[in-house]
Structures are given as C-alpha cells and as structure tokens.
Amino acid sequence: MWSYLLKRVLAVIPVLLVVTIIVFLMLRLTPGDPAANIAGDAATTQDIEKLRIELGLNEPLPVQFAIYVKNLAKGDFGESFYYKRPVISMVADSVEPTLSLALFTIFFACLIAVPLGTLAAFKQGSWLDRIVMAFSVIGFSVPVFVIGYILIYVLSVKLGWFPVQGYQHIGDGILGWAYRLILPSMTLSVIFIALIARMTRTSVLEVLNEDYIRTARAKGLSQSRILIKHALRNAAVPIVTIIGIAIAILISGVVVTESVFVIPGLGLLTLDAIQGRDYPTVQALIFLFSVVYVLINLIIDVIYTLLDPRIRY
Amino acid sequence: MGFINKSRSIAQSLLIAGALVSGGAHAEKVLNVNMHSDLKIVDPIWTTAYMSRNYGYMVYDTLFSINTKGEIKPQMIDTYTISDDGLTYDFTLRDGLLFHDNQPVTSEDVIASLKRWGAKDAMGQKMMTFVSEMVEVNDTSFQFKLNEPTGLVLQALGKPSSNVPFIMPARIAATDPGEQISEYVGSGPFVFIEDEWKPGDKAEFAKFEAYVPRNEPGDGLAGGKVVNVDKVVWKVIRDQQTKMNALSAGEIDVIESPSHDLLPLMEADPNIQLFDLNPFGNQYTFRFNQLHPPFDNPKVREALLYAFDQEEFLFAAVGDEAYFKTCKAMFICGTPIATEAGFEEKLQGNIAKAKALIEESGYDGTPVLLMHPTDLAILEPLPPVAKAAMEKIGLKVELVAMDWQTLVGRRNKQEAPADGGWNAFITSWNSVDNASPLSTPFLNAACDKALFGWPCDEEIQQLRDEFSREPDAGKQMAIVEKIQQRVAVAPTHIHLGQWYQPTPIGANISGAPVSPVPVFWGYEKAE
C-alpha cells in the first residue's frame, strides 16, 4: 500500500510538468496582450511596449519559460500582473470561500441524495422511484443560474429569508458564514443531488440482486439493516468515486454560482485572470487544480480499500 | 403577507445575531457601491484605466477641477495669478491641506507630482513643452515660468480624466513613471484601506477626518468635497441581475454601470431611484486603422461619415431615446466648444453620397476587417450596424467576433489584417475624454506616436498645436471649427453619438453628486 502511494505521488511530477508546459504555451499563443489591457485605452504603442518589457513579455518564449520554471522550483508562483501581489496570497485568499461552498454543497447533496437513491432502488418502480428519477432529470437539465435566480427571487427578494449575495469569512463569525452559504449551496447541490442519487440508485439496484442480499433476507434481517449494512456498503465504491469527482469539480471553481452569489472564490479568480490574461495567476491556479485532482483521486483510491477489503494495490 | 413579514424579521434577527456573535455590531455609515469593474491597479498615473482614475479621485486631490459646466475651478489652489505677458503663473495652496499620513501638502509635493504626470500623460507632456521651469517659492507657493503664452496650463491641471494630475507626496511621486507606486498616501477625501483590499472582491475607503473641503458647494468635480459617510466599499458584483436584486434588497447602495435592459425593471422598483449623474455622458466612436487599405484612403473614410447614421447605432445599442442623443459636435454637445462645423451634411445615412465617394476613391474590393467584441453588451450591437452601412455603399466587410481583451491586444498590432492586424473597431469613451482637441485620444494624428489606428495628418497636428498656444477662448473656438472641418474630410475616427448611463441608487440615499466621473463625496445615507 505504502509503495503504491509513493508511486502515485511520484507520478504526479510528470503530470504537473505537462500541465505546466501546456498552460504556459496556451496562454502565450492565445490572442490578447496583458500589457495592452493594463496600460488602458489611452496608452500609446510605445507605452505598451515599455510595459511589455517591464513584465518580461518581450523575452523569447523559451527564456520566459525557463524563468517561470526556475521560480516555480523555488515555490515562487510570481506576482499578478495587475495587483502586484504574490499570486500565492491571492489564491490563498480565494481558497476558503471555494472550500466552504464545496463542503456545504457536498454535505447537502450527500445528506439528501444517498438516502433518496437508496430508497428509490429499494422501491424500484414505485412513485418514490419515479419522483427521484424525474428530479434527477430536472436537476441535470436546468442550468445552475436559473435555479439560483429562482431561489434568490423567492427566498431573498420576496421572503427576505436570505441575503441576495455575498460571502462572510469564517473568521468574521461562524453563524454569518454558514447563513450566507445556505442559498448558494442549495443552488449548487441540485445538480449533485441528481447525479449522486442516480448513481446511488443504480449501484444499490445492482447489489440488491446479489445472492448475499437474498441470504440476508432469508436470515430474517430487517430491511434497514440489509439496506444500510449490506447493500449500501457494497454499493459504495462508485458512489464514493462520483462524490470525489464532485468535490474536485467544486474546488476547481464553480464560476456561475460564485458569480450569481458574489462569492470571491477560485472560480471567479480564474475567470478574471483568464479574461485579463494575467499569466502568473492562471498558471498558478491550473497548477493548483491539477494537484487537487490528483490528490482527490488518490484519496478515493485509498477509501476503496477501506470500503472493500478485497481491493489491494 | 403577515407570514412574509414575520419570516423576514426572523431572518433579519438571525443576521443581527450573527453580526453580534462576530462582534460586528456598529453604527458606521457605509456606502456600498458596485463599480463597473474590479479595482486592479492603484496607480492612476501608471495606467489610463478608468477604475484607477476613479480610485484616484477617492484618495488624491487635484489643483484644479471642472464643474458641471465644464469650467476649470481651483480645488487645492487658494489663489493664482497670471502675469500680463502670460509667461508667469503664481499659485498658492489652500490652508489645511494634509496627506493621509498627516504631513502637510507642500509645493515640493506638487512639483514632484506634476513632473511624474507630465512625463506620462499626453496633455501633460504638451503642457510641459511650454513650461521652462517649476519653482518652489515657499512651502505653499509655487511658480510656473513659461517659454511662450498658452491657454493650456489651467486646462491641463484641471483635466478630469485619465491621466489626471493627482497630487502625491514627493517621495512617492519620485517613483519612475514607468513603474507602479507602492505606497498609497494621498490628500483626498478618502483613505485607501490597503488591508481591506481584496482583489476580485472589494476595496474599502475610510473618510479622511482631517480633510478640509472648500467652502463653495460641490459642483461636478469642483467645489467642496464633503463626505457624509464613514466608509465607502467598492463591491465587485459581476452578474447584472444580482446587482439589481442586491440594490433592491438594500445590500448595496449604488450601481455605477447597470445594463440598459434592466432599467425598466429598476424604474418600476420603489426601492430604487435612477439619476443621470454624468451630464456629458459617453461617446461612441468608430476607429480606422490608417496603415492599411482601404482606410489609408481619406475618401473611403469620408464616405463612411456620409454612410453612417448616428441614430441607427444609438437605437441598436441603447434602444431607449431617453438615454441617447445624436450629436454632430466632435467635442461633445453641451461643452463650451461644441459645434457642428464640418459635419452638417454628415452622420445621417446619406448612402447615395457615400457610394459616389467610394467610386471616386478607386476602392479595389479590399475587405474591411471589422473587429466585433461579443462580450460587452454596450458595444456588441454596434459592429453589425456598421457592417450593414458599409456593405450598402459597396465595401466588403469581414466581421470577426472576439472577446474585448482579444480586441485590446489586437488593436495594437500594426501588421496587415490578414496577418493578425485589423481595419476598424468601435469603442466608447467617457465624453470628458473627448471634450477638447488636446485630450481627445483618437484625434492625435502623430503617425507612429498616435494611438492605435496611427493617423498621420500634419494639418490636424498643426491645428492642435495652435489650439494649445492660443490663450483666447474665442480664437480657440475658431481653431476648433477648423479642426472639425479638417476631420470631416480626413477623418481620424467617427463620433457615433452620445449615450447616457443612468445610475441606480437606493431609495434611502441622497446627495449623489453630478459629475463626469463617479465620485462619492456628497452622498447621504438614511438609516
């Protein structure tokens, strides 16, 4: 197991190297000029050229890349072209909102989707099953911003139960932090409830037809014990996979939700950085997202072994 | 209804409880504002970006400012005199001017700030060609010695838009103009709270308690800058619908730049008031690239002056006549130098005349590459209107869709359109930028030293120079007419009309100042 983990961690290095090269090249080969953006509308060509020199954008690409990799090796992601702040501090500021939203959303989604999916499988063909399936179709089909606008209109504008927008840092009060996360998490969780409920139903259905479930029933175990201890646990591997992927998606930025609810997270930071061609910020963010994806996949693999002792690496 | 009110009050109690738990209960008056963009660069001399200019008006003060009539008035200056020969300007600073670090503003600071600005800004550079010496007479008095008379000095010092001659402490102004400053100390009515600046989220400004406003009532950027709130927070909200909902719910107090399609909803909302705070509005402009055919030919450019109909552009982009105005004056309707000279028969869709000019021009069918920014609602509808008009007169047009930032990068490329360059695009300026022949960026026709589009016109340059040397307002007006007559046959750009951006403000807010630039003194917030 430990040697497997070590191998997986070492395998991250070539992945990050490829990501670094691709992102570096894509940014420089995409149309757009950060110097022209920064200089403003009334800047002359000469002003912009001076700025390009100041930002190091006049150097040949291999030189720019060498400087970037050299700094990266020292853990230096550089400074934002615009804000003149270390990129790493900007990313750190945006991690808390994104992580909070991701965890709230996953918590909501699992709390609702796993029992619903399990019950739908258990009552296959019943009205409950049909409702869950219909909900999952709607959850997949309706864009997140539409759900967000509807919830804001009803729960914020009309009923005044929640603020329309904004995020409160956990350090400024845990009640306010949680309160402001409810509406965006509800919005975002709809699609994940649909996804996880559907996956849970399918997995549990497969398991319910297994011999050991029939044996458990023959032994006279209660339905709840059969469902939770025998069916759900054995159906958990694909469910954990989908939850892991959901967390990775959520952490790598949910731009629409962050935009509608004004949550200053990684998604909006990425969007702004791409729109402004803020190369150091985009490079750092993509690097971070790659690490998150690799780590989450690793954690999922480890969880597999805990859920199913037959899995060995 | 009772249920709704009850549930609303429960929610409000929860919020208050949350605030108490976090220790956040206070009676501070905070004006929450959604600006048109995020604050990115906090050096208003280093960049010409409007957000940095707006930031500058919060943190710094100016020697002179313009009022709502476009007149230049003293701001930090108490008294000034001009010698009879027009070669010596003596200035005295007002009493009580302090920087945010409580150091007095001195002549040394003023001269250092003007040197940095004069090295960077086009109008500043022009002014400095007349200034042979800036002399520090004592701590509060300084003198300009000119090598020849000009009407430019006060106009330049009162320049309202980027780059504005803001006054900084001498140690900060000593920063190379090509580098960003790293200390944010001004003498303006607000103090920038650096620790609360969260890129992509918010920027905060506290009232500068030691600021001494002028005694005159506020009038545009001139007069007393009286601050009635404790703090102003610029909150970044990107989604237009969310901005409106937040304003209606009282979570923010002002939206600088709302989408025009939401205005009818806002007009009907009792929690929102709409004001036109910028009487000069904005001006749409069509920019040619004169390095390449067909716009290297003045006849083709003039043909577009006949072909384009301002009303068509304004209807397409703004829609509601309440928020736009056709205006043939290049230097903005309503300013002291507004005139239609040269454009009387133009800008009204005369296709027959335009076609005749195209035939005369010997146009060879070279396609026009017109850049089309698809991500800015206020610009997106315009290029198709231009394309339709150009095709009517026989030009071939290739509309190339792209995001605005790509356009900004591409417009600086001098290569041929087929090699990544361009022929034309449409943009919008804050009207105060285009209110003078010297400040209008697109009128600079200094060939490779001009802005993208690179017009090269000796006559225009000579007339601008004459304008800058002429101290008499009447004679300046005659020069303006000559400039317009020249531009009408050899256009550097085409003005496509003025449009206005109403500012939505919460129902409990009053005192919003009328000004060409969004500023936040004057505002009152009722509980």
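Compute the distance from the alpha-carbon center of segment A:253-287 to that of segment B:22-80, in whole Å. For segment A:253-287 versus segment B:22-80, the Cα centre distance is 27 Å. Counted by neighbouring Cβ atoms within 10 Å, the residues B:Ser161, A:Ser252, B:Ser361, B:Ser182 run from fewest to most as B:Ser182, B:Ser361, A:Ser252, B:Ser161. Annotation: the residues A:Ile13, B:Ile111, B:Ile426, sorted from fewest to most other C-beta atoms within 10 Å of their own C-beta, follow the order A:Ile13, B:Ile111, B:Ile426. Rounded to a whole number, what is D in µm²/s for the protein assembly as shown from Stokes-Einstein with the Kirkwood radius over alpha-carbon pairs (10 °C, 1.306 mPa s)? D = 53 µm²/s. With an a/c value under 1.5 for the gyration tensor axes a ≥ b ≥ c computed over the alpha-carbon atoms, segment B:282-499 is described as rounded.
Quick check on chain B: take the gyration tensor over C-alpha atoms, sort the square-rooted eigenvalues as a ≥ b ≥ c, and tell me if it's rounded (a/c under 1.5), prolate or oblate. Since a/c reaches 1.5 but b/c is at least a/b, the shape of chain B is classed as oblate.
Per-residue ellipticity at 222 nm computed for chain B from its helices equals -8500 deg cm²/dmol, with DSSP H segments shorter than 4 residues left out and the rest contributing -39,500 (n - 2.57). Taking A:Leu269, A:Leu285, A:Leu27 in turn, the Gaussian network model of chain A (Cα-Cα springs below 10 Å) assigns the largest fluctuation to A:Leu27.
So if we plug the beta-carbon distance of A:Ala73 and B:Asp101 into 1/(1 + (r/R0)^6) with R0 = 51 Å, what FRET efficiency do we get, rounded to 0.05? For R0 = 51 Å, the calculated efficiency reads 0.80. Relative contact order of chain A, taken over Cα pairs closer than 8 Å and 6 or more residues apart, is 27 percent.
Extension gain for B:Ser83 to B:Glu466 (0.36 nm times residue separation, less C-alpha to C-alpha distance): 135.8 nm. If the cut-off is 28 Å between C-alpha atoms, which lysines fall inside it for B:Lys299, apart from same-chain ones fewer than 8 positions away? Within reach: B:Lys325, B:Lys328, B:Lys346, B:Lys353, B:Lys355, B:Lys387, B:Lys392, B:Lys396, B:Lys413, B:Lys449, B:Lys482.
Placing a pseudo-label 7 Å from each Cα along the Cα-to-Cβ vector at A:Ser89 and A:Val9 gives an inter-label distance of 3.0 nm.
Peptide A:273-279 is shielded by partner chain Cβ atoms: per residue, an average of 3 of them sit within 10 Å of its Cβ. Cβ crowding within 10 Å ranks B:Ile509, A:Ile21, B:Ile252 as A:Ile21, B:Ile509, B:Ile252, fewest other Cβ atoms first.
Each semi-axis of the equivalent ellipsoid for chain A is √(5λ) with λ an eigenvalue of the Cα gyration tensor; in descending order they amount to 44, 26, 15 Å. Helices assigned as whole DSSP H runs in chain A whose Cα atoms extend at least 27 Å along their own long axis and whose mean Kyte-Doolittle hydropathy is -1.0 or higher are found at A:2-29, A:87-122, A:174-208, A:279-307. What nm distance separates the two modelled labels at A:Ile245 and A:Ile131, each placed 7 Å from Cα along Cα→Cβ? Result for the modelled spin labels: 2.8 nm.
A short reminder: the numbers here are calculations on the coordinates, not readings from a lab. Remember, it's a predicted structure, so these values are computed and weren't measured experimentally. Reconstructed Cβ throughout: ideal geometry from the backbone, glycine too, with neighbour counts over all protein chains shown.
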